[in-house]
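Structure first, then comments.
The values are calculated or read from the model by the stated rules, or taken from the named source; none is laboratory data. Bear in mind the structure is a predicted one, so any value in this text is a computation, not a measurement. Note that we place each Cβ from the backbone using ideal geometry, even for glycine, and neighbour counts take in every protein chain shown. These accessible areas exclude ligands, DNA and RNA; they are computed on the full protein's heavy atoms, side chains included. Shrake-Rupley method; radii C 1.70, N 1.55, O 1.52, S 1.80 Å.
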Amino acid sequence: MIDGLGQHIVILGGGTAGWMTACLIAHRWRDRGVRVTLIESPEIGIVGVGEGSTPQLKHFFDTLGIAETTWMPACDATYKLGIGFGGWSDRAGYEQYFHPFPTALDGHTAPQFFYNARARRTGRDVDAHPNHFLLPARLAATNCAPQPAANFPFEVSYGYHFDAYKVGAFLAKHATETLDVVHLQRRIASVERAPNGNITALIDTDGERIAGDVFIDASGFRSTIFSALAMPFVSYADALFNDRAVVMPTAHTPGAPIPSQTLATALSAGWAWHIPLTSRNGNGYVYSSRHLTEAQAEAELRAHIGAETGEARHLKMRVGRVRDSWSHNALAVGLAQGFLEPLEATALHLVIATVEAFLDMVDQGGATDAVCAAFNTRIAARYDGVRDYIVAHYRLNQRHDDPTGYWAEARGIEALSDDLKMLMSTWFTGADMVAAIDRAGLGRYYSAISWHCLFAGYGTFPDAARLIPPGADIDPIDLPKIDDFLTRCASNFGSHASRLRHLADHKDTV
């Protein structure tokens, strides 16, 4: 029994978020007498807006003790070194940039990147493109896997691309067969509450009562439990105005390599993703309904990916979060908790962060009002921190092909947090970005490398015509030496395709 909680935890909703939550809780607490029941309707599918992840997903599977040879082949998964951004800037030389996950080698080249970026933003004509300083960009450009040779003692962090439906099914099997999670297929009609506001039971359409001690809302945008709690919703629409998506798969091009990166390409009123799986490619277009109709968005996506036929699926999005993710004896996760467009693939990252924070804080302090308040503050700050990073992608864009349209409007976003305003001021005044990020504690969400890649990757510097050659006050960075270093490091990494073949040849089952 968990102090202050009881021993029966009921999760409403399956999909990746629900089953991920069930696995984390059952894995951590089942030796303490905790029972986990997951209820899902067989008629409600997974939204599946994105199929990419951050390195947090590797941590999740490592926590459960599930090897890549077990889950990746079963879920059509591939590796992800980061995100390649294209078309977000029309600055010469900055039309594309790569946002990497960290590596153990960053300390050898990131300081030089920071130095040159600061020199260029103060008017010196030096190279400050992130792709020229960081190893993952080199690996992704040559379709490498993230695993080095055994004699190379440095690691890179990585995420995955995967089939969301198959991951949900895989985790359901693991949860029920290995972790003793009870799976009920029911349609819930109402939520029963006690006089003190706590949830006492969920009532299905046949009148059956499913009682519990703690209830977790993973019911997606329906947010069944938190709607019953009348939890206020904090909208991010004033700064993130994309509210629609159109998605469709395509087949691999015969003989083409499978990339180890997600592509995020700016289109007329939003951006399109390209996510490579072993079985197919996932494609989608996230856009603003104020600027495009569904038909226009679908036509633009089809033209972008060269798909005249095939079924497209249209989705509506509510961007923001619930005010409190823990209320009474209920916790919200996944789309019931909030939604940030999948630009930085943070959906599952936020599920894991929410559930692990809940488990850690209850283990350390019990289910007290003070612990609940501290948890809500922590999770809200994480959501807001991710929001700020995504908003910065739009606010800082350097795309000028439509002076009065979507991208111009995005550059005029005024609903900026104090943290984001501070970072922009730091960058444009030539002050120390690393120190500013450290002072504000923003590295908890995105590192100084990530922020520098975003600002510098767009070419957010003075116009090239205004730049002057570096003087004696600027230490020259030996770029050929850095290029040689990255090339030699990259030679220790094999191809993505060969690594995927290795996984398939050694695949295991749960």
### Task
Name every residue in the range 411-423 that is free of Cβ contacts under 8 Å to residues at least 24 places away in the same chain and of a type in the set (A, V, I, L, M), in order of residue number.
M422
### Task
Looking for whichever is out of contact with any strand residue (DSSP E or B) (no Cβ under 9 Å at 6 or more places or on another chain) and closer than 28 Å to L350 by Cα here; the options are D432, D419, D384. Which one fits?
D419
### Task
Would you check if there is a residue in the range 449-462 being of a type in the set (S, T, N, Q) and under 27 Å from A353 (Cβ atoms)?
yes
### Query
So which helices (runs of 4 or more DSSP H) are wholly in the range 358-477 and hold at least 1 residues that are within 30 Å of A26 (Cα to Cα) and either open to solvent by 50 Å² or more (accessible area, probe 1.4 Å) or among the β-branched types (V, I, T) (or both)?
369-395
### Query
Taking the range 411-445 as the region of interest, how many residues are within 21 Å of the chain's Cα centre (by Cα) and at pLDDT 95 or above?
5
### Task
May I ask you to list the residues in the range 192-235 that are small (G, A, S), free of Cβ contacts under 8 Å to residues at least 24 places away in the same chain and touching a strand residue (DSSP E or B) at 6+ places or on another chain (Cβ under 7 Å)?
A194, A201
### Single residue of A239, A245 found to be in a strand (DSSP E or B) and open to solvent by less than 10 Å² (accessible area, probe 1.4 Å)
A245
### Task
Go through G48, G82, G14 for me and flag whichever is crowded, with 24+ Cβ neighbours inside 10 Å and at pLDDT below 95.
G14
### Query
Would it be correct to say that T309 is at pLDDT below 95 and farther than 20 Å from S235 by Cα?
yes
### Task
For the range 102-114, name all the residues that are touching a strand residue (DSSP E or B) at 6+ places or on another chain (Cβ under 8 Å) and crowded, with 21+ Cβ neighbours inside 10 Å.
T103
### Residue check, E43 in contact (Cβ under 8 Å) with a residue 60 or more places away in the chain and open to solvent by 50 Å² or more (accessible area, probe 1.4 Å)
yes
### Message
Is it the case, given these coordinates, that F375 is closer than 23 Å to G334 by Cβ, at pLDDT 95 or above and among the aromatic types (F, W, Y)?
### Response
yes
### Query
Regarding T487, is this residue farther than 16 Å from P111 by Cβ and open to solvent by less than 30 Å² (accessible area, probe 1.4 Å)?
no
### Lone qualifier among F113, F85, F98 - being among the aromatic types (F, W, Y), in contact with a His (Cβ under 7 Å, 6 or more places away or on another chain), under 24 Å from L263 (Cα atoms) and not in a helix (DSSP H, G or I)
F85
